[in-house]
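The structure appears right after this line, and notes come after that.
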Number of protein chains: 2
Amino acid sequence: MAEDIKTRLIEVAGEAFAVKGFDAVGIREICHKAGANVAAVNYHFGDKRGLYRACLEHAQSCRVEGLDRPAWPESYTPADKLRAFIQRMLEEKLNTERPAWHQELMLRELSRPSESCREFVESYIRPMAHALGEIMQEIYPHREWTQQTWMIGFSIVGQVLFYQLQQPVIRILMGEEGFKSLTVDGLTDHITRFSLAALGNGDPISVDLQREIETN
Amino acid sequence: MAEDIKTRLIEVAGEAFAVKGFDAVGIREICHKAGANVAAVNYHFGDKRGLYRACLEHAQSCRVEGLDRPAWPESYTPADKLRAFIQRMLEEKLNTERPAWHQELMLRELSRPSESCREFVESYIRPMAHALGEIMQEIYPHREWTQQTWMIGFSIVGQVLFYQLQQPVIRILMGEEGFKSLTVDGLTDHITRFSLAALGNGDPISVDLQREIETN
DNA sequence: AACCGTTTCAAACGAGTGCTTAAGTCTATC
DNA sequence: GATAGACTTAAGCACTCGTTTGAAACGGTT
């Protein structure tokens, strides 16, 4: 555990907020776990909401770099770029090394729009959307950014986010061992192939490809 | 408003729970809006959790029929069935006639697994998955239900759910008027085409198809 | 009318909430 | 060693929480 109380509070509170929600957690519970006094929250963060904001900022500052301004090797084809984009996104969403509450907390904030939601979308989501748009432009040249451009992007991102948002459901549907057999590489492979085929770039999903996925 | 207090409480509480979450709503606030006494909750539902459970059951009982055991016209091709499946799902998720809190409440329950989550998945989600699996079997015959079967299904459902789960984000990204230009028919068209193309059934998404979507 | 179970009511209970306060401890500077 | 500022502490503030209580009101049956 960190040495200074301030970061310890953020770590403990962040996880609690992510799991139980803002209102379901008391500062006494947080401070007890963090080994701090109840007044520490108000001293360091002003009030409970201030602590919550600090947790959110901390979670955002720890996100994976380079999703918005990716630096591709020159040898990459458009398809390679799309694969890399999907892989990075999956890694960010499903990465088990980083504390899970980072993603969960940001998720809560995005699903329940608040004052900081718009700012977060503009600084974090839109650059990603722009990067994906440029990849799509290469795969599938078109003059202007239309409604269809959005929908294609949403179709790709929606596939990725499903595995983050619906994890509990997947776990129950597939069973625990079935869920564990899903790897980032396997999912990247599937989603990339599925999307490229939909865009007419690459072969459609077929039974013949099944071997490669199952060997993961 | 309904005449008897019990249903009035469910309606008021259900909306409040969906918007603000279980812990953020007080029974005094609920009862005031419902024109009931604070003791009514404990009398009719035992305790606050009992009221929450009643809201959830009510929301589930009002869901769209036939998503699990669809009755298709005999003339339907497999592609038609897939389109109908996607359309029904989009309608259920984005239907603005039915109170919005029904979907929102079920969503909260699924993203934050509790004791009733498993039961809900088995009775509600798995039949849907089975129905989709049978459609996929027709489009794309394969011997057994494999990991790939799941992933293809998730790719389709993930596209649909995106528009429910990420509505606030979409609204900000596309702007208000851009968001309003998304119709159930347009989305159905896009997702069906995208998915069929990915499965090698139907033409890939192309610029030429753009006209049809924009005219919605 | 008397009695019944059912339902509604105002009032209050104890526990817990976020937050403040004033006194205390520590560390570094002069 | 005194002083100042940063930080921690225990106690307590006013308040809201979910829940309980006992009485009153209701509608139907005997």
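Structural remarks
- With respect to the stated conditions, residue A:98 fails to be surrounded by fewer than 18 Cβ atoms within 10 Å (Cβ to Cβ) and within 10 Å of chain B (Cβ to nearest Cβ).
- Every listed requirement among (1) touching a residue at least 40 places away in the same chain (Cβ under 8 Å); (2) surrounded by fewer than 20 Cβ atoms within 10 Å (Cβ to Cβ) is met by residue B:188 save one, (2).
- Leading residue by the ranking (nearest to the chain's Cα centre (by Cα)) among those in segment B:68-89 that are among the aliphatic types (A, V, I, L, M) and surrounded by 18 or more Cβ atoms within 10 Å (Cβ to Cβ): B:89
- Test: residue B:12 is part of a helix (DSSP H, G or I), within 13 Å of DNA strand C (Cβ to nearest atom), away from chain A (no Cβ under 14 Å) and out of contact with any strand residue (DSSP E or B) (no Cβ under 9 Å at 6 or more places or on another chain): no
- Any hit, segment B:104-117, residues being among the acidic types (Asp, Glu) and either within 18 Å of residue B:198 (Cβ to Cβ) or not assigned by TED's automatic domain parsing to the domain that holds residue B:82 (or both): no
- Scanning segment A:1-49 for residues that are among the charged types (D, E, K, R) and away from DNA strand D (no atom under 11 Å from the Cβ), we see that the one that is surrounded by the most Cβ atoms within 10 Å (Cβ to Cβ) is A:15.
- Yes/no for residue A:57 being away from DNA strand D (no atom under 13 Å from the Cβ), within 14 Å of chain B (Cβ to nearest Cβ) and not basic (Lys, Arg): no
The values are calculated or read from the model by the stated rules, or taken from the named source; none is laboratory data. Source: prediction; values computed, not measured. FYI the Cβ positions are ideal-geometry reconstructions off the backbone, even for glycines, and counts take in every protein chain you see.
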